[in-house]
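The values are calculated or read from the model by the stated rules, or taken from the named source; none is laboratory data. What you are looking at is a predicted structure, and each value in this text was computed from that prediction instead of being measured. For neighbour counting, all protein chains shown are included, and Cβ atoms are generated from backbone atoms with ideal geometry for every residue, glycine included.
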Amino acid sequence: MKLNTFILALTLAASVQVLAEEITLGVYHKLSGHETYEKRGEIRFDADEWFSYKQQREQPTPSSTGASKQKHQRQQQQQQKQKLPPIEYHNIELTPSASMTLAEEFILNVQAPIIPREPEEEPQEKTTDENGIMESQEEFDQRVTDWKSQQEELEDEDLSLKTPGSYGFYQIQLRDDSRKWDAMSSIKSCLLLASDFQEEITLHLDQNREVFAFDYYTGAYKCEDEHKKEFPLTSLDHFKNVKVDVATGHAGPKARYVRAQAVKMDETGNPAVEKSFLQKYWMYIVPALVIMMFTGGEPEKTAA
């Protein structure tokens with residue numbers, strides 16, 4: 001009965017360990033003009049398996065001998081033939097009402113609004129500070145001079161209109177709710193259209209097999225005029241070509257050190273000579289030998 005209970009406990013512990021190795025990251029997105037993120041999908045992968053795989057693949061090539069190099073190359077070729085651990089990404093299912101809201105509000109390449117810059121009025125009189133002290137005539141003249149210089153700069157550079165940005169940004173956020181972790185990255189929204197929604201996400205794992213950062217980019221690096229038109233997202237099916245990879249950090253070289261040890265001194269002040277085994281433990285060995293001599297072995301058994 002106790003053996004069965006022990007086996008069951010081991011099985012449960014192994015199951016918990018397997019579940020703990022799988023990481024689920026929520027994928028959220030929004031446009032730069034929006035206030036809150038909306039969930040669009042999830043990423044799932046076995047962190048322990050990927051960490052071990054990447055550590056083997058990213059080992060530096062040995063440079064000692066030609067034979068070791070060839071052996072390392074053969075090992076790498078065998079590892080490349082192995083099947084990569086799966087990384088699953090899938091979009092969430094939207095309700096009909098959520099799909100309508102997505103198409104109406106989630107529009108890529110919306111040009112940022114042009115906000116008129118409110119002109120600052122010319123100083124007309126001296127001011128007083130919070131302590132009730134009025135500025136001097138020299139300070140007032142300097143403030144007027146600064147105002148005039150600022151107005152000249154605005155007229156020369158045509159900065160009477162303020163444009164926050166030419167086109168909005170697409171922002172993506174990853175969350176690990178199990179440990180309250182999240183991180184954000186953004187790109188120009190037109191790059192999604194330029195790359196035909198070819199997204200790439202690289203997850204960075206630390207020594208504890210936990211995601212601490214990620215890289216996000218698309219297959220395109222430049223937007224043409226044809227990619228800057230407004231594009232409403234009518235469905236999350238656009239986000240179906242997502243390539244997810246995992247990167248692991250290399251541990252730096254460890255400094256070699258010598259552990260400090262206490263050194264015993266004799267009466268003359270010189271380092272004491274290390275005692276042998278017999279010199280250290282003779283007081284235990286002698287009594288044991290005496291006991292063995294007097295007790296001897298077990299009495300011989302007489303024949304029946």
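Filter the range 267-285 down to residues that are surrounded by 10 or more Cβ atoms within 10 Å (Cβ to Cβ) and part of a helix (DSSP H, G or I) and give me whichever is modelled with the lowest pLDDT.
280
Report, by residue number, each residue of the range 198-230 that is touching a strand residue (DSSP E or B) at 6+ places or on another chain (Cβ under 7 Å), surrounded by 14 or more Cβ atoms within 10 Å (Cβ to Cβ) and assigned to a loop (DSSP other than H, G, I, E, B).
219, 223, 228
Would the range 240-256 turn up any residue that is modelled with pLDDT of 60 or more and out of contact with any strand residue (DSSP E or B) (no Cβ under 8 Å at 6 or more places or on another chain)? Before the answer, list the steps.
Here is the first cut: in the range 240-256, the residues modelled with pLDDT of 60 or more are 240-249.
If we keep only those that are out of contact with any strand residue (DSSP E or B) (no Cβ under 8 Å at 6 or more places or on another chain) as well, we get none.
Within the range 240-256, none of the residues are modelled with pLDDT of 60 or more and out of contact with any strand residue (DSSP E or B) (no Cβ under 8 Å at 6 or more places or on another chain).
Take the conditions farther than 26 Å from residue 108 by Cβ and surrounded by fewer than 15 Cβ atoms within 10 Å (Cβ to Cβ) and apply them to residue 178. Does it pass?
Numbers: farther than 26 Å from residue 108 by Cβ: yes; surrounded by fewer than 15 Cβ atoms within 10 Å (Cβ to Cβ): yes.
In short, yes.
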